[in-house]
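Nothing in this text is a laboratory measurement; each read-out follows from the coordinates by a stated rule. Predicted model only: the values in this text are computed from it and were never measured. Don't worry about glycine lacking a Cβ; one is built from the backbone with ideal geometry, like all the others, and counts go over all protein chains shown.
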Amino acid sequence: MKLLVIDDSPDITDLFVKVLTTIGHEVAATDNGKDGLDLLNRQKFDAVFLDIAMPNFSGLDVIENLLKNKKLKDNPVVLFTASSITDIEVKDLIRKGVHSCIRKPVGIETLFEKLEELGNIQYEENATRKLS
Amino acid sequence: MAKFIFLRSINSKIIAVSLLLSLGTLITVSSISFIAADNLLKERVEDQLTSESTGRGTAIRSLMETRIQQISLLGINDVIENIVSRLQQNETINNMRNQTAYQTEFENEIKSFQKVLGGSANLENVKLVGTDGKILLSTDHSENGRVYSGMNTSTGKSVTPNVHFDSIDNKRKTIVTVPVLQMSGNNKTSSRTPIGKIVATMDTKPFDEILLNRKGLGRTGEVYLVNQNKKMITDSRFIENAAFHQTVDTLPVRDCFEKGEEIHAIYNDYRNIPIVGFSYCAKDLGLVLLAEIDEAEIFGPITQLKNEIIVASIAISAIVVAIAFYVSKTISKPIIRLRDEADRVTKSIKSIKPYEDYKVEIKSNDEIGHLAAQFDKMRKSVLETNMNLNMLVKERTKELTDMTNALDATAIVLVTDRNERITKINKKFTEISKYSEGELIGQNPRIVNSGYQPASFFEQMRKTIMSGRLFEGEIRNRSKDGYYYWVKTTIVPFLDESGLPKQYIAIQNDITDLKNFEYELQEALKRDKESSEIIKRQVEELRRTNAELRRKDKLKEEFLSMTSHELKTPLTPIIGWCGALRTPRVLGELSSKQLTAVETIESNAIKLERLISDMLDAQKLDLDELKFSFANVEVDNLFNKTKKDFEPLLKEKNIQFVIRAEPRGMKLKSDESRIIQVISALLYNSIDFVPKNDGRIEITAEHKDNNIIFCVKDNGPGIPKNKLEFLFKKFYQVDTSLTRKHGGTGLGLAISKGIVTGLGGKIWVETEVGKGSNFYFSLPKDD
């Protein structure tokens, strides 16, 4: 799959890139939201792992932008955050079009599960989105 | 009834009017009819008597003329002529002394005389009288040769034929005297010379028939003849033997013979009785015929009628009055009742006495009845109003009296006149001022002045009240024994009709105590001003501290969220890379020693993460910052997640694990992640304390009332009773020595309690040393 990771911590982006490419995925990574949006403008991704707490341009701003440009449908966004965003806020974002949310720190198993989940979507383009 | 007389009553008015009307009508009617009758009667009588008098008079006249004519025929008779002339010339008549000789001598003459007279049956005596007045020949032979002593003994000169009445042997006769006329010379001249007269005596029967027929003359009417000598020559109806005896010297007689006039008038007749008389004057015959009826008889009916009318009028008037009386009574009775009622009502209103209530009973349906009904209504409402007013007055009076008494009991009252002299005071005034009533009445109120208020104060007061306005103020007064007292005074001016004050009422309250208190208060306030300043400052400081604390809290909060993120962030790659290392697919195979090392690193990183979370949650507990979000939670799902999350660890530790929800399908409205947090905390505790190889943990959920009760059971050592009190407190651990063995910060239970309480539930433990522990928490199904 074609994946995008947006996180301001290089360690995390490194981890994602290294681990996921090893198991066969194409991974792009940026450390800020603006660049991420640029990338999204130019190509579609099978999933976007988005950190919330980033300086200047937060993950929520990215989501807002994607909402405006109606790119959420084509680019499933998985919130990947350590911030204390409440369940209700998550549910709300999911309602708006975000795919799901996983909390940091994440276990590798959880990550693989999520990828499988996302992978299923790939094969079921016409089926309705699964809300977590 | 006594009021009948005065025209003030309706009764008498009605009666008087009726009386006047009836009398007036009657009088008018009767006068008119009376006068009409009178006139009618007079006319009738006039007609009647005129006809009687004239009729009879004319009859008598013609009768007389007939008789004259009759005898006049004899007067121009040749035979009679011859007899008279022969006898007159015979001288021997003078010498004849007896009748026999006379008869012998004049036998032929007598026979011829009788032959001529033969036819006339009504001749009782006929005499032939010569010019010398001697009876030449008579049907009564005894008279022959005598001198005629009758009337008209004229000596043969012109004798007008006449008839007169005379009484002969007390019998009334008519004497007709007619001249005997001789044709002198030859027949060429028509003059006749009288050579003697015939005197015929006739009866009066035909005259009497005319005169004594009293038909149409009523009861008192009579017709009679009177001669020139004013003697009645016919019979009277009333006096016997009146003929030739009764003198009738009355008006018609005089008028006839003196003036030749006829009269009809009312005069007194020969009996001196007033009569109505009509005369027929035959002066040439030496007679006047009088037809007379007693005035009484004629006008009697009228007078009677008049009297009857008067009586009838009186009777009718009486009846009318009686009727009027009755009618007016009927009409006026209700009116009088009304008047009486009105009087009573007025009296009762004036006397403010209770009033016996009864209705005016008037049954008529006319205007008076209606008036009575309306009057009744009015009366009722008047009485009601009156009663209400009286009650109101009583109430008000009582209220006023109560108020006045209350006022009197609590306030000082004085009344001054317009010259500022005290006219009335109440007891309280004497009590407070220590002056007696006698000392106060007539004085100016400044008797209690203490000089505290300046003159301008009293000037202002005077100005205000004199202009009719209310004055209020506080005055310090001095009592008789020299003590000061303060009053709050209200002065009310009372104005007269022209708007000028006529008296002032001052109501005062003793505020001496109040004033003292005021003064002391002011002093105390001055003293306390400083302390109040201090307090102010302290309050200010507290406020600042508060603000400071709040700011610090805010900072803490910000710090918390920042820290949590910062603290957790490094852990991500740590755990991430460890995981990657563990996964051969990703980073290749590791030796078992390497694998162990990586696992150790990962599990410690995970623990660290938990610790950080706990710490943050504990901080949030402090700040009351724990956030919950409520949503529908399905217990089965929750348990599945828990099972999935913990199964690996429990398997690894070889702990028997049962997780069961009964019944299935339970739902509640709560925060799922927080519930999981609590279960996790309890689970981690249990995992730490169960025996190494024999550990058994059971997680259940069941439904009770409106709550879901979760339970985490373990077969650990249990908790001694004396430690239970502090179990859920922060940082508490049953055995600090165990801490080092088991790790952990001791925050888990405190945080669990915080969460459970925040979700509206309860958390508790059932435990016994050696028997394990059962941790329960209940959550409400709905919020």
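Data table
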item	result
Part-to-part distance (alpha-carbon centres) for the stretch B:194-216 and the stretch B:579-649, which is given in Å	197 Å
Kirkwood Rh (inverse of mean 1/r, distinct Cα pairs), the stretch B:500-542, angstrom	13.9 Å
Cα shape, the stretch B:397-531, gyration tensor, a/c 1.5 rule	prolate
Residue-by-residue Karplus 3J(HN,Hα) for the stretch B:251-266, coefficients 6.51, -1.76, 1.60, Hz, glycine and proline x	3, x, 5, 5, 4, 6, 6, 8, 10, x, 10, 9, 10, 9, 7, 9
Percentage, to the nearest whole number, of Cα pairs in chain A over 23 Å apart	24 percent
Cβ neighbours within 10 Å from other chains - mean over B:577-584	5
Rounded tilt (10° steps) of B:748-758 against the dominant C-alpha axis of chain B	10 degrees
Within the protein assembly as shown, helix-based [θ] at 222 nm, where runs of 4 or more DSSP H residues each add -39,500 (n - 2.57), nearest 500	-17000 deg cm²/dmol
Cα-based Rg / Dmax (Å) for the stretch B:463-576	34.9, 109
Spin-label pair B:D208/B:F494, simplified geometry with 7 Å Cα→Cβ offset, distance in nm	12.1 nm
From phi via Karplus (6.51, -1.76, 1.60), per-residue ³J(HN,Hα) for the stretch B:448-456 in Hz, x at Gly/Pro	9, 5, 10, x, 6, 6, x, 4, 4
Gyration tensor (alpha-carbon) shape descriptor, the stretch B:418-462, a/c threshold 1.5	oblate
Mean Cα-pair separation over length for the stretch B:570-713, i.e. relative contact order, pairs under 8 Å, 6 or more apart, %	20 percent
Relative contact order (percent, whole number), chain B, Cα cutoff 8 Å, 6+ residue spacing	6 percent
Packing rank of B:540-546, B:772-778, B:481-487, where each peptide gets the mean count of other beta carbons within 10 Å, highest leading	B:772-778, B:481-487, B:540-546
With Cα atoms, 0 to 90° folded angle of helix B:512-582 axis to chain B main axis	50 degrees
Quotient of Cα Rg and 2.2 N^0.38 Å for the stretch B:551-684, N being how many residues it contains	1.29
Inter-label distance, nm, simple model (7 Å from Cα along the C-beta direction), B:E124/B:E548	19.2 nm
Cβ neighbours within 10 Å from other chains - mean over A:86-97	2
Global geometry of the stretch B:435-501, whether rounded, prolate or oblate, following the gyration tensor of its Cα atoms and the 1.5 cut on a/c	oblate
Relative contact order (%) - the stretch B:404-488, alpha-carbon pairs under 8 angstrom, separation at least six	22 percent
Value of Rg/Rh across chain B [Cα atoms, Kirkwood radius]	1.79
Debye intensity ratio in log₁₀ form over the Cα atoms of the stretch B:10-84, taken at each q of 0.21, 0.22, 0.25 Å⁻¹	-0.92, -0.95, -1.02
Alpha-carbon Rg with Dmax, taken over the stretch B:510-626, Å	31.9, 108
Pairs of alpha carbons in the stretch B:388-427 whose separation is greater than 16 Å (percent)	52 percent
Additional length obtainable on full extension of the chain from B:V327 to B:Y452, 0.36 nm per residue less Cα span	36.3 nm
Listed pairs B:K593/B:K692; B:K556/B:K607; B:K171/B:K283; A:K91/B:K641; B:K552/B:K620 exceeding 20 Å between Cα atoms	B:K593/B:K692; B:K556/B:K607; B:K171/B:K283
Cα→Cβ-extended label distance, 7 Å offset, between B:T600 and B:M562, nm	3.6 nm
0 to 90° range, to nearest 10: angle between helix B:672-689 axis and chain B longest Cα axis	40 degrees
Largest to smallest principal axis extent of the C-alpha atoms in the protein assembly as shown, angstrom	255, 102, 60
Residue-averaged beta-carbon neighbours from other chains (10 angstrom radius) around B:559-567	2
